[in-house]
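What follows is a set of notes on a single structure, which appears directly below.
The values are calculated or read from the model by the stated rules, or taken from the named source; none is laboratory data. The structure presented is a predicted model; accordingly, all values stated were derived computationally and were not measured. Neighbour counts run over all protein chains shown; Cβ positions are idealised from the backbone, glycine included. Each accessible area value is taken on the protein alone, full model and side chains, heavy atoms only, with ligands, DNA and RNA left out. Shrake-Rupley method; radii C 1.70, N 1.55, O 1.52, S 1.80 Å.
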Amino acid sequence: MFPIVGFRVFVLQLPGAGHMIMIMQAAITDLFDGARRIDLVAGDTLFHAGQTVSLVFLVSSGQVHLRRHTEQGQMLVLQNAGPGTVLAEASVYSARYHCDAVAAGNAAVAALGRHDFLGALKNDNRLAEAWAATLARSVQAARVRAEIRSLPRVTDRLDAWLSEGNILPAKGGWQDLAAELGVTREALYRELARRRGT
């Protein structure tokens, strides 16, 4: 298995919870030992919406965005998957992908057959429990993202996003941040310019 660097875990506020989450996450990442490695450069598409789901991907380095385009043409980032993250985890239970996966920069992923992944879950209770915890954390993150996007003003969305421990990316990443916040890049640029002027 190739090394996973920069992995962050959000720890529950329970005695020993951090240790337990790390053990459970290790169960998932160990499953990808010996999996095929795919290297990506910025802008590479790993899969497209509508494509048949045959593989499960674990990000080992860099970041991969799940993107969906609205009917109005706005691009939304549904997941910003970093090292140690299973990409598009809900797709494991779907016949087809519902969004595109695009590398945000240089990245590497491990690819494991979907049937192999599901078979491992079926045959290993510890792994199934770890996967259930992973899905629960994913739902929590999606709810936070939805709450942020429900705020009416760009300034409120940005404040809420920053309050989650995020930091502003370099200028080249502002477009992706706008997509994550669900605002136009022009609206985000105006807000950032306003903040620089104060």
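Okay, here's what the table says:
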read-out: ³J(HN,Hα) computed for each position of segment 69-74 - Karplus, 6.51 cos²θ - 1.76 cosθ + 1.60, integer Hz, glycine/proline x; value: 9, 6, 5, 7, x, 7
read-out: Nearest-10 value in Å² for the accessible area of Leu162, using the 1.4 Å probe; value: 60 Å²
read-out: Amide hydrogen neighbours beyond the local backbone of Leu78, cut-off 5 Å, H modeled; value: Leu66, Arg67, Arg68
read-out: Computed magnitude of the charge dipole of the chain (debye, nearest 20; Cβ of K, R +1, Cβ of D, E -1); value: 460 debye
read-out: Amide H contacts under 5 Å for Leu46, placed H, 5+ residues apart; value: Ala101, Val102, Ala103
read-out: Ranking by accessible area, most exposed first, for Thr155, Thr52 with a 1.4 Å probe; value: Thr52, Thr155
read-out: Residue-by-residue Karplus 3J(HN,Hα) for segment 114-128, coefficients 6.51, -1.76, 1.60, Hz, glycine and proline x; value: 4, 5, 5, 4, 5, x, 5, 4, 5, 9, 9, 4, 5, 5, 4
read-out: Most fluctuating residue given options Gly119, Gly84, Gly43, as computed from a GNM of the chain linking Cα atoms under 10 Å; value: Gly119
read-out: Percent of alpha-carbon pairs separated by more than 19 Å within segment 71-129; value: 43 percent
read-out: Relative contact order, percent, the chain [alpha-carbon distance under 8 Å, six or more residues apart]; value: 23 percent
read-out: Whole-angstrom Cα spans of segment 26-105 along principal axes, big to small; value: 41, 28, 17
read-out: Listed candidates (i) 52; (ii) 43; (iii) 39 - label of the one calculated as percent of Cα pairs over 24 Å apart; value: (ii)
read-out: Relative contact order of segment 90-198, pairs being alpha-carbon contacts under 8 Å that are 6 or more residues apart, as %; value: 16 percent
read-out: Average accessible area per residue (Å²) across the chain - probe 1.4 Å, nucleic acids and ligands excluded; value: 55 Å²
read-out: Amide H contacts under 5 Å for Ser61, placed H, 5+ residues apart; value: Ala108
